[in-house]
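The values are calculated or read from the model by the stated rules, or taken from the named source; none is laboratory data. Values in this document were obtained by computation on a predicted structure and should not be read as measured data. Heads up, the Cβs are rebuilt from the backbone with ideal geometry, glycines too, and the neighbour counts pull from every protein chain shown.
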Amino acid sequence: NAAAAPEPSLAGKRVLITAGPTTTPIDAVRYITNHSTGRMGAAMAEEALRRGAEVRYVLGIDKGVVRPAPPRGAGERLSLVEVRTAEEMAEAALRFLPEVDGVIATAAVMDYRVASPASGKLKRASEPVSLDMVPSTDVLGALKARANGQWFLGFAAETDDVEANGRGKLERKELDFLFANPVARAGEASQTGFAVSTNGGTLLRRDGDDIALPVTSKAELARRIWDIIA
Ligand code: CTP
Ligand code: CA
């Protein structure tokens, strides 16, 4: 296409992507999680592979989670590790960190874990119960603390004050980029956020103006984000 600017190649680049939900067990048969299905991470990975990058992919798994489908011939450039908890995600991601040029954190990490999961199955009772939860590992924070020149792109889904909350996170977490998108309040439908094939929001940059990226397929959004960050 002679009219379009050449698409930046990612050949020779290595990127770490965290994706999907994490879970925290309650007992032998129950757990807590969130609505993430890993689709935005899969789209970012597929586009990176299409452009020639090597992708180290750490996926929190749960029912219905999607895995990246590498374009033809790119399968060997994808290394995928499956985890469940935030702690497992941090461990796997930290192992990959020294090998990569940049980090994309699409994972919806549980901010709390159950303090003392029961090893057996809890039995039903008629009394109210309460569950002690404690803060879990900050995966992105752990990666930033050990970074050695890598760039970082975070993601944030917000119900309120999307850009302002996003800008605050970008600065607090000292990221290079943060994609902030609205997510529906409980019970509402939405074209952005969890478990849908579309997304749209604002790409915030540490060194530059915000870029509005209107609702489109997650595949097309991944192309636009890579065009900007590449
Ligand atoms: N993140 C992470 N580990 C956590 C929490 C978040 O790696 N325990 C990463 C996410 O993958 C995302 C970014 O941090 O790229 C922002 O996540 P978000 O949940 O929006 O940030 P929080 O600081 O946890 O803020 P909130 O209170 O809104 O949940
Ligand atoms: Ca969070």
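Looking at the stretch 6-65 only, could you name the residues that are over 22 Å from residue 138 (Cβ atoms), touching a residue at least 60 places away in the same chain (Cβ under 8 Å) and in a strand (DSSP E or B)?
14
Tell me the residue from 10, 78, 16 that is farther than 30 Å from residue 124 by Cβ, touching a Gly at 6+ places or on another chain (Cβ under 7 Å), surrounded by 18 or more Cβ atoms within 10 Å (Cβ to Cβ) and not hydroxyl-bearing (Ser, Thr, Tyr), please. Step through it out loud before you land on a result.
Values: 78 fails: touching a Gly at 6+ places or on another chain (Cβ under 7 Å); 16 fails: touching a Gly at 6+ places or on another chain (Cβ under 7 Å).
Exactly one of 10, 78, 16 is farther than 30 Å from residue 124 by Cβ, touching a Gly at 6+ places or on another chain (Cβ under 7 Å), surrounded by 18 or more Cβ atoms within 10 Å (Cβ to Cβ) and not hydroxyl-bearing (Ser, Thr, Tyr), namely 10.
I'd like the full set of residues that are surrounded by 14 or more Cβ atoms within 10 Å (Cβ to Cβ) and in a strand (DSSP E or B), limited to the stretch 190-213.
198, 199, 200, 201, 202, 203, 204, 205, 211, 213, listed by residue number.
Of the conditions (1) out of contact with any strand residue (DSSP E or B) (no Cβ under 7 Å at 6 or more places or on another chain); (2) under 18 Å from residue 228 (Cβ atoms), residue 66 fails just one. Which one is it?
So the condition that residue 66 fails would be (2).
When residues of the stretch 81-125 are filtered for being among the hydrophobic types (A, V, I, L, M, F, W, C), surrounded by fewer than 18 Cβ atoms within 10 Å (Cβ to Cβ) and within 12 Å of ligand 1 (Cβ to nearest atom), how many remain?
1
Take the residues in the stretch 107-146 that are among the acidic types (Asp, Glu) and within 29 Å of residue 171 (Cα to Cα), then tell me which one is nearest to ligand 2 (Cβ to nearest atom).
That would be 111.
I'm checking my understanding of the structure. Among residues of the stretch 199-230 that are of a type in the set (D, E, K, R) and in contact with a strand residue (DSSP E or B) (Cβ under 6 Å, 6 or more places away or on another chain), which one is farthest from residue 55 (Cα to Cα)?
Just the residues of the stretch 199-230 that are of a type in the set (D, E, K, R), to begin with: 205-207, 209-210, 218, 220, 223-224, 227.
From the residues that got through so far, the ones that are in contact with a strand residue (DSSP E or B) (Cβ under 6 Å, 6 or more places away or on another chain) too are 205, 210, 218, 224.
Details: 205: 23, 210: 26, 218: 18, 224: 18 Å.
For the stretch 199-230, the residue satisfying everything is 210.
Here are some conditions: (1) of a type outside the set (Val, Ile, Thr); (2) over 30 Å from residue 197 (Cβ atoms); (3) part of a helix (DSSP H, G or I); (4) modelled with pLDDT under 95. Residue 124 meets all but one. Which one does it not meet?
Evaluating residue 124 over (1) of a type outside the set (Val, Ile, Thr); (2) over 30 Å from residue 197 (Cβ atoms); (3) part of a helix (DSSP H, G or I); (4) modelled with pLDDT under 95 leaves (3) as the failure.
Which one of these is outside any strand (DSSP E or B), within 14 Å of ligand 2 (Cβ to nearest atom) and of a type outside the set (Phe, Trp, Tyr): 166, 149, 154, 187?
Just one listed residue meets the conditions, 166.
Residue 159 is checked against (1) under 30 Å from residue 14 (Cα atoms); (2) near ligand 1 (Cβ under 10 Å from one of its atoms); (3) surrounded by fewer than 18 Cβ atoms within 10 Å (Cβ to Cβ); (4) modelled with pLDDT under 95 and fails just one. What number does that condition carry?
Exception for residue 159: condition (1).
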